[in-house]
Each structure stands twice: as C-alpha cells, then as structure tokens.
Amino acid sequence: MELEKIRAIAANALHCSPEKIGKDTSFTEELHADSLELMKILVDMEELFDIPLEEGDMKKLDSLGDAASVLARARKRIK
C-alpha cells in the first residue's frame, strides 16, 4: 500500500521506526524534522513513485496523510 511505502520513506529520512509515524503524526512538531529531511522525503517519493513533485510541495508536507495528499495532487497535475 502507498501509505506504508511513504511511512518507510519518512522513517528512513527521519531516522525513526515506522511505528512512530501515524497518519497524523507531525514530522516537524513531533518528530523534529528539518527542511533537509523533508526534502529527502519528497525526493525519495519522487523516485519510488516515478512522479515529479514540486519544491513547494515541501511546505504542505507535515504528516503521512499530507504526504499521501501531495502525491495524489502530483498525479492529477500530470494527467
């Protein structure tokens, strides 16, 4: 499932266990992600899902749910 793949990407970028990342867990507030870690999540999502993401998407990326929404919006952009 996509959410689990994104969870694994985020866990790798944030150096934490996937179990710590719930759908609404804040990457910045709860997991203390910085901008480089958020960018790594975006780049890894781009590579895994083979879809272009925009740098502005990083501002919308603060949870697993947000990451899934960013991916869905990107898919709509390329259609």
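Taking the numbered list (1) more than 26 Å from Glu19 (Cβ to Cβ); (2) surrounded by 12 or more Cβ atoms within 10 Å (Cβ to Cβ) in turn, Leu64 passes all entries but (1). Of all residue pairs spaced 6 or more apart or on separate chains, those with beta-carbon atoms under 8 Å, a first member in the stretch 54-79 that is touching a residue at least 40 places away in the same chain (Cβ under 8 Å) and a second member that is among the basic types (Lys, Arg) and part of a helix (DSSP H, G or I) are Leu64/Arg7.
Note on the stretch 17-40: among residues that are in a helix (DSSP H, G or I) and within 11 Å of the chain's Cα centre (by Cα), the one that is surrounded by the most Cβ atoms within 10 Å (Cβ to Cβ) is Leu38.
Each row is one residue, and each column tells you yes or no for (1) crowded, with 18+ Cβ neighbours inside 10 Å; (2) on the phi < 0 side of the Ramachandran plot; (3) out of contact with any His (no Cβ under 6 Å at 6 or more places or on another chain); (4) modelled with pLDDT of 95 or more.
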residue	(1), (2), (3), (4)
Lys5	no, yes, yes, yes
Asn12	no, yes, yes, yes
His15	no, no, yes, yes
Glu46	no, yes, yes, yes
Asp57	yes, yes, yes, no
Lys79	no, yes, yes, no
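The values are calculated or read from the model by the stated rules, or taken from the named source; none is laboratory data. In this text the structure is predicted, and so the values were computed from the model without any measurement. In this analysis, Cβ positions are derived from the backbone assuming ideal geometry, glycine residues included, and neighbour counts consider all displayed protein chains.
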